[in-house]
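The values are calculated or read from the model by the stated rules, or taken from the named source; none is laboratory data. Since the structure is predicted, the reported quantities are computational estimates derived from the model, not experimental observations. Positions of Cβ are generated from backbone atoms using ideal geometry, with glycine treated the same way; all protein chains shown enter the neighbour counts.
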Amino acid sequence: MSNATPPGWYPDTAAPGNERWWDGTAWTAHTRSCVTVIQPSAPGRGGGGSGATAARTLALVATGMALVVVAVAGVMLLDRGDGAEPAATRTDQSAPSPADTGDGAPGDDGPSPDPTAGGEDPGVLVDQLNGITLPIPDGWERVEHPTDEMLTMRTVDSEAYYCPGTSSAMCYHGTVTIRTAGGADPATPEAIARKDVVAAADRAYEEDIIGRPIHGGIMSHRQIAAGPVSVAGRTGYQVRWRVVTGKGPGGYVQSLVFPSAVGSESPVVVRYAFDAGSGGVPLALMDTLTQGIRPLGDSETGGGVGSSVAP
């Protein structure tokens with residue numbers, strides 16, 4: 001057995017450009033693309049090869065082949081004979097070759113992954129349906145899977161807190177959502193805004209989405225702003241309330257409604273909810289965000305818009 005060719009990957013004469021696994025006794029069904037520049041001579045397909053072949057092989061691969069032999073021997077000792085493919089083989093076959101990925105020469109990992117792949121700026125909330133974008137302020141983040149299925153951004157999770165009056169519901173100092181007005185909504189932006197601000201207040205300071213009471217409920221409210229507003233070159237309408245709650249400092253809610261930038265120009269509803277008090281979000285950020293709304297594709301939305309918007 002001292003003259004037998006050791007187990008390893010060798011050129012597959014039946015498939016140029018590939019290697020086949022030699023288990024020390026016979027060829028196996030496991031193959032892979034060639035990934036090394038210098039390959040040892042392959043043993044004859046009918047047997048284990050000659051002593052001269054083994055010597056040439058060991059001289060070419062040196063330390064690298066010794067490491068492969070040790071690794072494969074360990075795998076073979078652990079193999080329980082259940083027909084499973086050796087771990088080393090599974091890894092080689094599952095990993096894409098340079099030819100598959102187009103990343104260049106073997107050993108070249110290619111460029112680092114782009115966190116903004118897909119064209120979406122991490123500092124911008126993109127509403128593809130309505131053709132608009134909103135800047136995401138510092139200390140805020142988009143919600144990937146909102147429970148109410150509305151496009152949402154809010155203050156970061158690390159600043160979330162238990163809503164006053166409950167020990168189970170989580171609240172956030174600032175939340176902004178976007179939806180498209182439906183058939184049940186009134187016809188004009190002003191009428192939609194005046195109706196929606198009631199729902200905005202209830203959702204932020206009366207009950208959460210599953211009906212749990214929060215903030216001790218709304219005790220009173222007063223309108224502090226209402227009127228037409230220009231949004232992304234279109235005329236809309238906004239209504240803003242100051243809400244007083246049974247527990248905690250309460251907050252501010254606003255409903256902004258304007259025509260969509262695409263399609264049938266259905267009304268878009270942007271809903272704001274900002275906590276009041278020392279831990280809340282500056283009220284001026286509502287106006288800053290409204291002014292930052294842009295049509296999708298506007299050159300001003302590129303380049304990390306959100307990074308320049310501070311709460």
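Within the set Val198, Val239, the sole residue that is farther than 10 Å from Val257 by Cα, modelled with pLDDT of 95 or more and assigned by TED's automatic domain parsing to the domain that holds Thr147 turns out to be Val198.
The set of residues in the stretch 202-221 being crowded, with 18+ Cβ neighbours inside 10 Å and touching a residue at least 60 places away in the same chain (Cβ under 8 Å) consists of Arg203, Ala204, Tyr205.
Return yes when His221 is in the same structural domain as Gln128 (by TED's automatic domain parsing), at pLDDT 95 or above and within 32 Å of the chain's Cα centre (by Cα) and no when it is not. Answer is no for this residue. For the stretch 128-173, a residue qualifies if it is free of Cβ contacts under 8 Å to residues at least 12 places away in the same chain and outside any strand (DSSP E or B), and the qualifying residues are Val143, Glu144, His145, Glu149, Ser158, Ser167. Residues in the stretch 171-198 that are more than 32 Å from the chain's Cα centre (by Cα) and among the acidic types (Asp, Glu): Asp185, Glu190. No other residue among Val156, Val176 is at pLDDT 90 or above, hydrophobic (A, V, I, L, M, F, W, C), surrounded by 19 or more Cβ atoms within 10 Å (Cβ to Cβ) and closer than 19 Å to Leu289 by Cα apart from Val176.
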